[in-house]
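A short write-up of the structure that comes next.
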Amino acid sequence: MPNTGNSNIITRKYLDSLLIETRYMNSCVADQSLVLYGERFDSPIMTAALSHLDSHFMFEGATAIYAAAAAKTGTLLWLGMADDAEVERCASSGAKMIEVIKPYADRERIYRKIRHAESLGLLAVGIDIDHPFANDGGLDMVDGYDMAPITTAELHDLCSVTALPLIVKGVLSIYDANEAVKAGAGGLVLSHHNNRIEYACPPLMALPEIKRNLEREVPLFVDCEIQTGMDAFKALALGATAIGIGRPLMTAIKKDGENGMAAYLIEVRKQLAKAMAYTGCTNLDKMDPSVIHFASWL
């Protein structure tokens, strides 16, 4: 089938249409450190919440490499769908970590996984809201587990049973953002989950309006097609707290294992430092959306 409506292609085109205004006067070497949920990180560059690296997309042991490279570089590790043993192996890598849980129809499974995350001392836990439906519009099944949409009331209950920040992933509208915040969410991930639906609004297009209209301020994370430090800078300038890189890390692992992924993350940080210094956005508190311009002709 043609790629008409492919949200990854649309998102990539949108990212490339955002141009950067330079501001050299009175600038300095940038500090990209941030404190998130009480932990300090050297950079807002994170991994995206990748899943099934060993079984579906790569090779046996790839998830362990993914976690080890995150730990080596001090990068916040996000992990998607995984069994308890895989979560434990990643947590044992030493990386600060957030697990994103699927919207299992068996809600008790969600509660069990939250308790497991707490027992491992994870930094936070997440819940997908964008994975309940299959391509035919019916309810989805993933790895033999039935999925079901999350209600605001259910999300409130999930938030209330844990001291961990509960982050909602898959937000692309003011409506979902405020329903999640109303329920007690401790953060939002703006994402179309690798083209879960065609013609999805690019996360960076949705970001400024969502940020302006939030009923309560929470960290805002962005993924989808973030590949470089320049991409990351655009997201951060438009209001993101931090960004997630996904598929480029898989390519780096395939090419050169742990060292390849670590080198990629370090290079992206250097690119981000360049963009920050060249625009006068010399720390994350000085990020300024007015340095970003949309070029409709690109």
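The values are calculated or read from the model by the stated rules, or taken from the named source; none is laboratory data. Since the structure is predicted, the reported quantities are computational estimates derived from the model, not experimental observations. When we count neighbours, we look across all protein chains shown, and the Cβ atoms used for this are built from the backbone with ideal geometry, even at glycine.
Cβ-Cβ distance below 6 Å, separation of 6 or more or different chains: which pairs start in the stretch 1-23 with a residue that is of a type outside the set (D, E) and end on one that is surrounded by 14 or more Cβ atoms within 10 Å (Cβ to Cβ) and modelled with pLDDT under 95?
These pairs meet every condition: N6/N195; S7/N195; N8/N195.
Taking into account only those residues within the stretch 267-288 that are in a helix (DSSP H, G or I) and among the aliphatic types (A, V, I, L, M), which is farthest from the chain's Cα centre (by Cα)? Before the answer, list the steps.
If we filter the stretch 267-288 for residues that are in a helix (DSSP H, G or I), which is where we start, we get 267-279, 284-286.
When the remaining residues are screened for being among the aliphatic types (A, V, I, L, M), the result is 268, 272-273, 275-277, 284.
Details: V268: 15, L272: 17, A273: 20, A275: 20, M276: 21, A277: 24, L284: 17 Å.
Across the stretch 267-288, the extreme among qualifying residues is A277.
Name the single residue that is surrounded by the most Cβ atoms within 10 Å (Cβ to Cβ) among those in the stretch 184-223 being part of a helix (DSSP H, G or I) and touching a residue at least 40 places away in the same chain (Cβ under 8 Å). I'd like the intermediate steps shown before the answer.
First, pick out the residues of the stretch 184-223 that are part of a helix (DSSP H, G or I): 203-213.
Filter once more, keeping what is touching a residue at least 40 places away in the same chain (Cβ under 8 Å): 203-205, 208.
On the way: P203: 29, L204: 27, M205: 19, P208: 13.
This residue is P203.
So, of the residues in the stretch 253-266 that are charged (D, E, K, R) and surrounded by fewer than 17 Cβ atoms within 10 Å (Cβ to Cβ), which turns out to be nearest to the chain's Cα centre (by Cα)?
Going residue by residue through the stretch 253-266, those that are charged (D, E, K, R) are 254-256, 258.
Checking which are surrounded by fewer than 17 Cβ atoms within 10 Å (Cβ to Cβ) leaves us with 254-256.
On the way: K254: 21, K255: 23, D256: 23 Å.
By that ranking, first place goes to K254.
Just to be sure I understand the filter: pairs with C-beta atoms under 6 Å, separated by 6 or more residues or on different chains, first member in the stretch 273-298 and surrounded by 19 or more Cβ atoms within 10 Å (Cβ to Cβ), second member among the aromatic types (F, W, Y). Which pairs pass?
Listed by first residue and then by second, the contacts come to A275/F233.
Say whether the condition of being out of contact with any strand residue (DSSP E or B) (no Cβ under 9 Å at 6 or more places or on another chain), aliphatic (A, V, I, L, M), surrounded by fewer than 23 Cβ atoms within 10 Å (Cβ to Cβ) and in contact (Cβ under 8 Å) with a residue 24 or more places away in the chain is met by at least one residue in the stretch 224-238.
No, because not a single residue in the stretch 224-238 is out of contact with any strand residue (DSSP E or B) (no Cβ under 9 Å at 6 or more places or on another chain), aliphatic (A, V, I, L, M), surrounded by fewer than 23 Cβ atoms within 10 Å (Cβ to Cβ) and in contact (Cβ under 8 Å) with a residue 24 or more places away in the chain.
Out of the residues in the stretch 180-224 that are among the acidic types (D, E) and out of contact with any Pro (no Cβ under 8 Å at 6 or more places or on another chain), which is farthest from C281 (Cα to Cα)?
E198
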